[in-house]
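Reading through the structure tokens given below for one structure.
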Amino acid sequence: MKVTIIGGGIAGLATAYSLLKHAALANLPITCTLLESTQHFGGKIRTELIDGFIIEGGPDSFLSYKPWGVGLCRELGLGDRLMGTNTQHHRTYVLYNGRLREFPEGLVTLAPSQALPLFMSPLLSMAGKLRLLMDLFVAKSPSNGTDESLASFFRRRFGAEVFERLIEPLMTGIYAGDAEQLSLRATFPRFLEFEQQYGSIIKGMLASRRQRMKSDTGTQPKLTTFVTLRGGLVEMVRALVASLERTGKEKMLLRNGVRVTGLTQASSGEKPKYEVTLDSGESLSSDAVVLATPAFTAADLLMSLDSGVAEQLRTIPYTSTATVSLAYPAASLSNAHSLKGFGFVIPRVGDHD
Ligand SMILES: Cc1cc2nc3c(=O)[nH]c(=O)nc-3n(C[C@H](O)[C@H](O)[C@H](O)COP(=O)(O)OP(=O)(O)OC[C@H]3O[C@@H](n4cnc5c(N)ncnc54)[C@H](O)[C@@H]3O)c2cc1C
């Protein structure tokens, strides 16, 4: 069976890795070709080493509580390279009314020890804090877990103030999107589950904290919520490419600098074959094709095969982002701020003059 994977970002590379692993376990004769339009593999993952700094142009970390990223690193022999965030300096700030104020950590950890700082936080009014606690009593949505926007969900559970000053800047920053449009199920499904299962996010978070503490056997090193690799996320890309190359070209062909321009079905028999056309005019025949490109590219490629799916893919909005990395000698900074933290977010609300 011939499989063609279009796109050499982390999704395409991980698909190739998983496909070959499972084919080997099941003794299936699979040959795989991965096609990447640019010269480098990794897609959005771009790590550069400049003057001793590890600079990430795209993602800089991933969530450790979703087991697949960490699991893949361990399988690739990168377990020792995993590193967490610096727990000494893991504060986040919110720029509110011209001042950097610490994000109340208790809202993330729900640790009893953090309850007091949360209720002392100048970021929220007393009414806002009390409304946050109302989450314990607000009835769950009668919609039985159907989707809603991030904005509607958190306003309903925590109130407008907590949503606008804390939740919106933090969560929509992650997706560079509009909270009124972002699907809760697609972005933070855990919270939907907490509401359905426990009737309250606070109760759900406390229960999940208890479970985590119970299941912590102490055998695996504890990971912080966000993790990366010592030399940057490019290490994962390099390890995947090396592992795929070790399989041998007859089973796994990695090709970069080739853009896929067309995808058609070659026969209408029982087992359809696909023709993948490249910008060079070359065409590849394939039994199965995996699209691991951005949705708008997948839409273009699928148009002649399934216009309905293509139209749906085209409705997924994308936005552009810019990453600017600046480094300053410590001595050139005033002591106005200790700089001990991850960074800061800026809510839409508040006085920004
Ligand atoms: C600035 C930024 C910061 C981010 N930070 C984080 C973070 O900290 N943590 C996190 O988990 N996520 C983060 N993300 C999201 C994460 O980077 C992406 O979700 C992930 O890298 C997407 O991987 P992918 O393989 O699906 O797509 P991509 O990485 O987009 O890969 C798609 C590949 O397909 C190729 N391609 C496109 N068209 C064709 C074609 N016609 N023929 C052949 N190849 C084609 C492209 O060149 C590309 O290499 C961030 C994203 C950005 C932009």
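The values are calculated or read from the model by the stated rules, or taken from the named source; none is laboratory data. Source: prediction; values computed, not measured. Reconstructed Cβ throughout: ideal geometry from the backbone, glycine too, with neighbour counts over all protein chains shown.
Which one is surrounded by the fewest Cβ atoms within 10 Å (Cβ to Cβ) among residues in the range 56-99 that are among the aromatic types (Phe, Trp, Tyr) and more than 13 Å from the ligand (Cβ to nearest atom)?
Tyr93
Can you tell which of Gly159, Gly145 is away from the ligand (no atom under 16 Å from the Cβ) and at pLDDT 90 or above?
From the options Gly159, Gly145, the qualifying one is Gly159.
Quick check: anything in the range 26-41 under 21 Å from the mean Cα position of the chain (by Cα), surrounded by fewer than 16 Cβ atoms within 10 Å (Cβ to Cβ) and within 14 Å of the ligand (Cβ to nearest atom)?
yes
Step by step: first the residues of the range 42-55, then only those that are on the phi < 0 side of the Ramachandran plot and of a type outside the set (D, E, K, R), then the one that is nearest to the ligand (Cβ to nearest atom). Which residue is that?
Per the criteria, the residue is Ile45.
Looking only at residues that are within 21 Å of Ser215 (Cα to Cα) and not hydrophobic (A, V, I, L, M, F, W, C) in the range 56-77, which one is farthest from the chain's Cα centre (by Cα)?
Ranking the candidates gives Arg74 first.
For the range 107-126, give me each residue that is within 21 Å of Glu164 (Cβ to Cβ) and modelled with pLDDT under 85.
Leu107, Val108, Leu110, Pro117, Leu118, Phe119, Met120 - these are the residues of the range 107-126 that are within 21 Å of Glu164 (Cβ to Cβ) and modelled with pLDDT under 85.
What single numbered condition from (1) of a type in the set (Gly, Ala, Ser); (2) over 25 Å from Leu229 (Cβ atoms); (3) in the same structural domain as Arg46 (by TED's automatic domain parsing) fails to hold for Ala239?
Against the list (1) of a type in the set (Gly, Ala, Ser); (2) over 25 Å from Leu229 (Cβ atoms); (3) in the same structural domain as Arg46 (by TED's automatic domain parsing), Ala239 comes up short only on (2).
Given the conditions (1) more than 22 Å from the chain's Cα centre (by Cα); (2) hydrophobic (A, V, I, L, M, F, W, C); (3) closer than 18 Å to Arg190 by Cα; (4) assigned to a helix (DSSP H, G or I), which single one is not true for Phe154?
Evaluating Phe154 over (1) more than 22 Å from the chain's Cα centre (by Cα); (2) hydrophobic (A, V, I, L, M, F, W, C); (3) closer than 18 Å to Arg190 by Cα; (4) assigned to a helix (DSSP H, G or I) leaves (1) as the failure.
Which residue, of Ala207, Ala239, is buried (at least 20 other Cβ atoms within 10 Å of the Cβ) and more than 15 Å from the ligand (Cβ to nearest atom)?
Only one candidate qualifies: Ala239.
Of the residues Val162, Val138, only one is in contact (Cβ under 8 Å) with a residue 12 or more places away in the chain, β-branched (Val, Ile, Thr) and surrounded by fewer than 20 Cβ atoms within 10 Å (Cβ to Cβ); which?
After ruling out the rest, the residue left standing is Val138.
Taking the stated definitions as given, is Ser325 touching a strand residue (DSSP E or B) at 6+ places or on another chain (Cβ under 9 Å), outside the structural domain of Gly43 (by TED's automatic domain parsing) and either over 30 Å from Glu56 (Cβ atoms) or touching a residue at least 12 places away in the same chain (Cβ under 8 Å) (or both)? Give the steps one after another, and end with the answer.
On the way: touching a strand residue (DSSP E or B) at 6+ places or on another chain (Cβ under 9 Å): yes; outside the structural domain of Gly43 (by TED's automatic domain parsing): yes; either over 30 Å from Glu56 (Cβ atoms) or touching a residue at least 12 places away in the same chain (Cβ under 8 Å) (or both): yes.
Spelling it out, Ser325 is indeed touching a strand residue (DSSP E or B) at 6+ places or on another chain (Cβ under 9 Å), outside the structural domain of Gly43 (by TED's automatic domain parsing) and either over 30 Å from Glu56 (Cβ atoms) or touching a residue at least 12 places away in the same chain (Cβ under 8 Å) (or both).
Take the residues in the range 1-13 that are outside any strand (DSSP E or B) and surrounded by fewer than 18 Cβ atoms within 10 Å (Cβ to Cβ), then tell me which one is farthest from the ligand (Cβ to nearest atom). Reasoning before the result, please.
Initial filter on the range 1-13 (outside any strand (DSSP E or B)): 1, 7-8, 10-13.
Those left that are additionally surrounded by fewer than 18 Cβ atoms within 10 Å (Cβ to Cβ): 1, 11.
Working: Met1: 21, Ala11: 3 Å.
Across the range 1-13, the extreme among qualifying residues is Met1.
Test each condition in (1) at pLDDT 90 or above; (2) out of contact with any Asp or Glu (no Cβ under 7 Å at 6 or more places or on another chain); (3) farther than 30 Å from Leu49 by Cβ for Asp351 and report the one that comes out false.
Unmet for Asp351, out of (1) at pLDDT 90 or above; (2) out of contact with any Asp or Glu (no Cβ under 7 Å at 6 or more places or on another chain); (3) farther than 30 Å from Leu49 by Cβ: (1).
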